[in-house]
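Structure first, then comments.
All of the numbers you see were taken from the coordinates with simple rules; none came from a lab. If you're wondering where the values come from, they're calculated on a predicted model, not measured in any experiment. Ideal geometry is used to build each Cβ from the backbone, glycine not excepted, and the neighbour counts take in all protein chains shown.
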Amino acid sequence: MLIPLYVLTVNAFKGQQDILTDPFGLGSLTLEPLGRALTNPQFNVVKGYAVTLLFVVAVNLLSVVLAAPAAYVIARSPKRRFRVLMLFFLAGTFIPGQVLVIPVVYVLKTLGLMGTIRGFVLFETVLTLPFSIFLYAGYIATVPAVLDQAAAVDGAGRLRTFWQIVFPLMRPAVATMVILNTFSVWNDFVNPQIILGPGSGLYTVTTGVYAAVSQYATDYTVVFPTLLLAIAPLLVFFVFMQRHIISGLTAGSTKG
Amino acid sequence: MTLTRVAPLVTTTVARQKPRRRDGWVTAIMVGPATVLYTVMLIVPVGLALYLSLTDWDGFSADPAFVGAANYLDLLDDPDLRRAAFVTLLVAAAGTAGLNLLGLGFALLVNGVSRANTFFRIVLFYPHVLSALVVGFLWSAILGTTGAVNNLVTSWGGEVLPFLSDPTWATITMIAVLVWAGFGVNVVLYLAGLQAVPHSLIEAARIDGATRRQVFRNVTLPALGPSVTVNIVLSLVTLLKTYDLVVSLTAGGPAGQTQTVAYLILWNSFHDARLGFGSAQSVLLMLVTGALAFVVTRLRRRGELAVHQ
């Protein structure tokens with residue numbers, strides 16, 4: 001299982017000749033290819049990190065702000081129309097992403113958001129909504145409603161009750177969703193490639209890797225360091241948070 | 001204590017005092033934005049996909065012409081689609097088998113709480129954290145004609161192995177990489193399933209003199225029934241939309257022989273600017289995926305009922 005990772009790491013620090021003659025050995029290690037990958041004009045990795053991180057943060061924030069209050073209303077209201085709304089959102093978890101790319105291009109064009117950061121962030125956020133609302137509503141149902149009533153007695157309105165009393169208690173559910181969304185945004189390839197487009201000059205880590213690697217697939221002094229840089233942050237994050245990440249990603253993969 | 005006793009009494013008075021209209025506004029503010037965005041960008045597009053599949057949209061024109069069922073008729077005798085459908089079904093079937101055999105096998109191996117098992121779980125799961133695009137590029141650097149393995153083989157005086165340059169080999173390689181990258185999830189799902197198997201049942205069987213294998217076949221496996229269904233459906237649905245890995249591992253080659261349906265959809269849509277035709281293919285893929293998931297669930301349920309009787 002770890003051999004590919006070993007090959008990737010070792011060869012990221014070797015020259016082309018060393019990689020070709022001795023792909024599995026340590027050879028003479030050098031930082032030079034890694035440095036060149038960092039300053040690759042085809043794909044600026046540092047800028048890629050920044051852009052991706054911006055998307056990750058924006059999608060996560062927007063997703064929580066939109067999904068959490070909606071889930072609260074759905075979970076707390078006995079009214080029939082909110083149960084129907086829950087089913088309406090639930091239907092979204094069954095829609096495969098591939099089917100959506102083409103019509104979403106149409107919608108974004110109509111709204112004038114095609115090729116823009118706003119359009120991309122909005123669409124990625126919407127993709128997270130069905131499962132977030134499902135997960136949050138389920139979690140809120142376990143939070144005693146007495147708390148809401150106590151807050152109401154103290155004169156808090158519904159918005160304030162939610163954000164100051166209930167929302168802080170939703171930490172575990174929010175953490176799961178944040179992990180899930182972070183990985184799906186970071187690793188997404190199709191949506192940024194098509195919605196942002198190569199023409200925009202905006203590369204996420206994943207589309208940047210595609211731009212940098214696909215043309216130079218046999219120049220291994222480009223391939224290995226670029227791939228290593230693309231996965232390093234996620235891998236470090238994963239090793240430190242493995243328990244939460246494994247449960248979060250598994251929850252996400254069973255959502256369908 | 002006092003809180004729980006007093007609260008319901010007071011809230012009713014508070015609710016009565018509060019003007020109803022304001023409450024409606026607050027609810028609208030809380031539910032509205034999510035509902036509107038979700039409808040515009042997820043529900044409307046599904047309907048649009050159906051509509052666009054009946055047009056000749058090229059991705060640019062503002063009002064695509066309505067062409068009726070022409071796209072669907074084109075699908076029927078499209079040799080590319082036929083080949084891609086075969087590759088996709090093969091990948092889905094073989095991949096599902098691989099993911100579940102390895103997933104269940106390793107779950108049984110690393111079941112139980114220990115430091116070593118935690119380590120193994122991390123090692124088995126980590127490829128899932130990486131994007132499929134990176135996984136594909138990495139494996140093509142390892143298995144390509146000038147990749148790591150072939151350099152080793154040729155330096156030992158062997159022939160270059162056509163992992164990615166022969167259609168049959170390339171398909172097998174793709175399935176193997178998909179399984180490598182994905183079975184960690186199945187391990188975790190099966191582990192969760194194993195936690196739910198009642199311990200008393202296993203102990204009872206052991207006391208009655210059942211061997212380990214008998215316990216697995218007659219106690220553990222039947223109790224895992226629902227887990228198996230979830231895992232199979234999940235693997236199928238995921239594999240049927242394989243795209244990123246095709247792009248990076250084989251780019252659909254050699255000679256288009258490893259193109260999957262999802263790859264073909266995006267190729268037709270954005271390379272050939274035939275988004276109407278691509279939409280028709282997406283609709284077809286969605287229907288086939290849904291139908292297969294439904295059939296598998298139904299068959300498995302019948303199997304589970306048979307076990308319980």
Sites removed, the longest contiguous part of chain B containing no DSSP-loop chymotrypsin sites (Phe, Trp or Tyr not before Pro) with at most 14 other Cβ within 10 Å is B:157-309
How do B:His199, B:His128 line up, fewest other C-beta atoms within 10 Å first?
-> B:His199, B:His128
Among the lysines in the protein assembly as shown, how many pairs, 8 or more places apart or on different chains, have alpha carbons under 29 Å apart?
-> 6
Modelled label-to-label distance, A:Ala251 and B:Thr168, 7 Å Cα→beta-carbon offset: nm?
-> 4.7
Counting each DSSP H run of 4 or more residues in the protein assembly as shown as -39500 (n - 2.57), what helix-only mean residue ellipticity at 222 nm follows after dividing by all residues, to the nearest 500 deg cm²/dmol?
-> -22500 deg cm²/dmol
Using a Förster distance of 35 angstrom, determine the FRET efficiency expected from the C-beta separation of B:Leu292 and B:Ala210, and round it to 0.05.
-> 0.45
Gap separating the Cα centres of segment A:30-74 and segment B:148-220, nearest whole Å = 33
With springs only between Cα atoms under 10 Å, which of A:Leu127, A:Leu29, A:Leu66 fluctuates most in a Gaussian network model of chain A?
-> A:Leu29
Over all distinct Cα pairs, what is the inverse of the mean 1/r for segment A:113-256, reported as the Kirkwood hydrodynamic radius in Å?
-> 18.0
Percent relative contact order of chain B, based on C-alpha pairs within less than 8 angstrom and at least six residues apart?
-> 27
Figure the gain on full extension for A:Leu31 and A:Tyr6 (residue separation times 0.36 nm, minus the Cα-Cα span) and round it to one decimal in nm.
-> 7.4 nm
Size of charge dipole - the protein assembly as shown - debye, nearest 20, with Cβ of Lys, Arg +1 and Asp, Glu -1, no other charges | 2740
Note, segment A:35-52: 3J(HN,Hα) by Karplus (6.51, -1.76, 1.60, θ = phi - 60°), whole Hz, Gly/Pro = x, goes x, 5, 5, 5, 10, 4, x, 5, 8, 7, 4, 4, 5, x, 4, 4, 4, 4
Is segment B:63-196 rounded, prolate or oblate when judged by the Cα gyration tensor, a ≥ b ≥ c being the square roots of its eigenvalues, rounded requiring a/c under 1.5 and prolate requiring a/b larger than b/c?
-> oblate
Do any trypsin sites (Lys or Arg not before Pro) in segment A:59-165 lie in a loop, going by DSSP, with at most 12 other beta-carbon atoms within 10 Å of their beta carbon, and if so which?
-> A:Lys79
Take chain B, connect every pair of alpha-carbon atoms lying under 10 Å apart with a spring to form a Gaussian network, then pick out the residue of B:Leu239, B:Leu42, B:Leu133 with the largest mean-square fluctuation.
-> B:Leu42
Segment B:Gln195-B:Arg217, extension gain: residue separation times 0.36 nm, minus the distance between their alpha carbons = 6.3 nm
Farthest toward the dipole's positive end in chain B, which of B:Leu234, B:Gly256, B:Trp139, given Cβ charges of +1 (Lys, Arg) and -1 (Asp, Glu) about the Cα centre?
-> B:Leu234
Return the single residue from B:Ala116, B:Ala192, B:Ala293 with maximal mean-square fluctuation; model: Gaussian network over chain B, springs between Cα atoms under 10 Å.
-> B:Ala116
So, counting K/R as plus one and D/E as minus one, what does the shell of residues with Cβ under 13 Å around A:Gln16 add up to?
-> -2
Which order results if B:Ser200, A:Ser132, A:Ser247 are arranged by neighbouring Cβ count within 10 Å, fewest first?
-> B:Ser200, A:Ser247, A:Ser132
Amide H neighbours of B:Thr55 under 5 Å, at least 5 residues apart or on other chains, H built in the peptide plane: list them.
-> B:Val67
Averaged across the residues of B:24-36, what count of C-beta atoms belonging to other chains lies within 10 Å of each residue's C-beta?
-> 6
If B:Met174, B:Met286 are placed from fewest to most neighbouring beta carbons inside 10 Å, the sequence is B:Met286, B:Met174
Under unit Cβ charges (Lys, Arg +1; Asp, Glu -1), what dipole magnitude, rounded to 20 debye, does segment B:73-308 have relative to its Cα centre?
-> 880
What shape does segment A:1-104 have by the C-alpha gyration tensor, where a ≥ b ≥ c are the square roots of the eigenvalues, rounded means a/c under 1.5, and otherwise prolate means a/b greater than b/c and oblate the rest?
-> prolate
